[in-house]
Amino acid sequence: MSASSPTTAAGPAQPPAWRTALADWARTDGAMWFYIAKALLAAFLSLAISMRLDLPQPKTAMTTVFIVMQPQSGAVFAKSFYRLMGTLVGLAATLTFVGLFAQQPVLFLLTISLWVAACTAGAARNRNFRSYGFLLAGYTTALIGLPASQHPDAAFMTAMTRVAEITVGILSAGVVSALVFPRYTGEQIRTTVRQRFGSFVDYVAAALSGQLDRAHIERVHTRFVADVVGFEAARSMAVFENPDTRLRSGRLARLNSEFMSASSRFHSLHQLMNRLRATGATTAVDAIEPYFREVAPLLTKDGEPVRSAADAAQAAEQLLAYRDALPRRIRATRATLEAHPDCPLLDFDTASELLYRFITDLHAYSATYASLSTATHERERWVEQYEPRTNATATLIAGIRTAVVMLLLSWFWIQTAWPSGITLVLTAAATCALASSMPRPTKMASQMAAGTAIAALMGMIVMFGVYPRIDGYVMLCVALTPFLALGLLMSMRPAIAGMGVGYCIFFCTLAGPDNVQSYNPTGFMNDALALVLSMVVSAIAFAILFPPTAPWLKRRLFADLRHQAVAACCARLPGLRTRFESGARDLMFQAHAIAADQPDVQRDALRWMFAVLETGNAAIDLREEIAKLPDDPRYASSMPWRRAIETMRENVTALFSRPAPDRFDAALATASAAIDATQAALAEFAPPRDERHKLQRILSHLHFFRSALLDPESPFEALNRNRHVPPQQGT
């Protein structure tokens, strides 16, 4: 009894090696095989229910399972919801078009093409699974309407049975996803929130210590942009999973918005300090840097960086106390600087103002993160939403391209009277709609064509070699398992995911079992040829008809990105910051995606995003400060200093609308004039202390405007005719 046990002497017992290996497998390859097993189970469940209900095409239910099935339950529920909504809208459109144009094939095909084009444009305009709802509203009309147009008297029953089959597939996928080894999007969100907060804390600490170079900062912010866009997508799915996630949905949206604000503010502060060092403003830098060294310890608990939501509460309290004490300390430091006549007080004021606003945003971000540890919280009340931006030209082109492809193939169908012309047209509609939402649509359509060709070969084996030799539902499932698992495996590989999508969907279309099975080799080969041909034509259309990677379209995307700064200067103020921040990041994410093989274009997109965020946030800050000025004739919009600020804002708007050297010169000159006019007003008015601080904050924003325009890393540097403009001093 007195001898020490092995556990106490050598520390906690380690789990057996086989258990560790099994846990690692379950997190990696095991998760993939669990998903494949769930997808097959849902497909066979939908097949059994459809056959039991005597629905004419159980393969439609099985196809629906592979369309909506996702690794996370929330994604399945969200995709199923929007698929059902899109199907119902498409059903209503189908019955309307069949009723109006059943006897006029040309008008019917023209109407269907225009409807699918409009839905494709709507899908390109929206994001996440809302986009999928638009796709289904268009595709369902082609899927149900084209066959129904051949037999208008049976159109209603055809539409109803098709909706019933789709509903069975949706319910089967949802039930299996929720009950069999469920993986919740909410868990992914919690992991993302924790990792992102920790990454941002580490980034702030490293940047304030001067350990990061420009390339590393660009990589970090590129990852932050992807995190913001992906987080919003995950949040929109997680609300379908459980009430607990819905209780926190407002705080999650707020957290995303506050993260955008905090990261933008910190980048502006970091860039300003770099510019001050570059211009030799050592006095201002030396005065403000001691405050920077105090920030990192505020984000720690017991000497370790804050990671969990519970620990973030202490960080939020420390940040709040630090923020409240900061103005008094800044004033004391400024008083010592005033004794030096050559000290650039305007540089110090601008840096200290940005520091204060960064601490404010960081406190809000930490407080919201801490609030997630409780089920309910007052910070849940948040009405501002992430608002994505899509180029209107790209949206219009997506619709036009789909209409052209459908009309071209419809003409081919009419001219040739090909029995599989229906399959040709409706599959082209589905391919164009689906690929239009992808960053590389030509690649997606080509991969789908390759996957469908493989599915045709496998389907021929199943249809004419396997089905005649089996009997019963159990043997049917056993026979289909290896063929379906092959497509699911391909869909889990990012490099060939498009092949997996094409294989899974169109294997079921070609070789999926029906309640009354028919063996028609000629019809099978015609349909297979129509499927592959429709995707090849779609891929060609994406490659030659307004390709998304065309340089002129990228320029349009960059123009939309710059327009966010224009909106910051001119749009209505309520909710503007969230709209501005989310729109700029969404556009940058799109530009980064379509230029995946062009690092120079990606770098330009990031530089423009930085310029837009810096200038846009300064414009919003300036407008908010002006809106808070007292109702006094000295602050009226007709005063010379107010007119000078308005002139500067107009010139900055013109510069971002269409960059040019003369517009850059005008924006820079009017920014300097606005600073001079505001300084003169400040000296002339001698306002009370609070009003003086408001004017000093306005001066800081104006000075930051000018500093951002002169940033050597800004895309405006190429427009600067005078590379050695001296820094403007102020008192």
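The values are calculated or read from the model by the stated rules, or taken from the named source; none is laboratory data. All values reported here derive from a predicted model rather than from experimental measurement. Virtual Cβ from ideal backbone geometry, glycine too; neighbours counted across all protein chains shown. In case anyone asks, the SASA skips ligands and DNA or RNA and just uses the protein heavy atoms, side chains included. Shrake-Rupley method; radii C 1.70, N 1.55, O 1.52, S 1.80 Å.
One table, with the values for the structure above:
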{"quantity": "Distance violations [Cα-Cα > 19 Å] among 38/443; 38/59; 628/694", "calculated": "38/443"}
{"quantity": "Residue-wise HN-Hα coupling along segment 213-223, computed from phi with Karplus coefficients 6.51, -1.76, 1.60 (Hz; x: Gly, Pro)", "calculated": "9, 4, 4, 5, 4, 5, 5, 4, 6, 4, 5"}
{"quantity": "Listed candidates (i) 53, 43, 17; (ii) 56, 33, 21; (iii) 51, 31, 27 - label of the one calculated as semi-axes √(5λ) of the Cα gyration tensor in Å", "calculated": "(ii)"}
{"quantity": "Cα-centre dipole for segment 105-236 with unit charges at Cβ (Lys and Arg positive, Asp and Glu negative), debye to 20", "calculated": "280 debye"}
{"quantity": "Rounded accessible area per residue of segment 508-548, 1.4 Å, Å²", "calculated": "44 Å²"}
{"quantity": "Listed residue (388, 369, 453) projecting farthest to the positive dipole end of segment 363-484, Cβ model", "calculated": "453"}
{"quantity": "Helix 599-627 vs. the chain, principal-axis angle (Cα, 0 to 90°, nearest 10)", "calculated": "60 degrees"}
{"quantity": "Share of Cα-Cα pairs in segment 459-582 lying beyond 23 Å, as whole percent", "calculated": "58 percent"}
{"quantity": "Over the chain: helical MRE at 222 nm, DSSP H runs n ≥ 4 each giving -39500 (n - 2.57), nearest 500", "calculated": "-26000 deg cm²/dmol"}
{"quantity": "Point-to-point label distance, residue 522-residue 219, nm (Cα→Cβ direction, 7 Å offset)", "calculated": "6.2 nm"}
{"quantity": "The chain: angle of helix 689-709 to the longest principal axis, Cα-based, in degrees nearest 10", "calculated": "60 degrees"}
{"quantity": "Segment 113-207: relative contact order as a whole-number percent, Cα under 8 Å and 6+ apart", "calculated": "15 percent"}
{"quantity": "Largest to smallest accessible area among 51, 535, 475 [probe 1.4 Å]", "calculated": "475, 51, 535"}
{"quantity": "On Cα atoms only, tilt of 576-594 relative to the major axis of the chain in degrees", "calculated": "50 degrees"}
{"quantity": "Sum of side-chain charges, residue 126 neighbourhood, beta-carbon under 15 Å (Lys, Arg +1; Asp, Glu -1)", "calculated": "+3"}
{"quantity": "Surface accessible to a 1.4 Å probe, residue 204 within the full protein complex, Å²", "calculated": "0 Å²"}
{"quantity": "Solvent-accessible ranking of 68, 516, largest area first, probe 1.4 Å", "calculated": "516, 68"}
{"quantity": "Probe 1.4 Å - accessible area at residue 506, Å² to nearest ten", "calculated": "10 Å²"}
{"quantity": "Solvent-accessible area of residue 554 with every protein chain in place, 1.4 Å probe, in Å² to the nearest 10", "calculated": "20 Å²"}
{"quantity": "Solvent-accessible surface ranking, highest first, for 363, 703 at 1.4 angstrom", "calculated": "363, 703"}
{"quantity": "Straight-distance crosslink candidates among aspartates and glutamates, where the alpha carbon sits under 14 Å from residue 79 and sequence neighbours closer than 8 are dropped", "calculated": "241"}
{"quantity": "Relative contact order %, the chain, counting alpha carbon pairs below 8 Å whose residues are six or more apart", "calculated": "16 percent"}
{"quantity": "Segment 626-704 and segment 460-498: distance between their alpha carbon centers, rounded to Å", "calculated": "69 Å"}
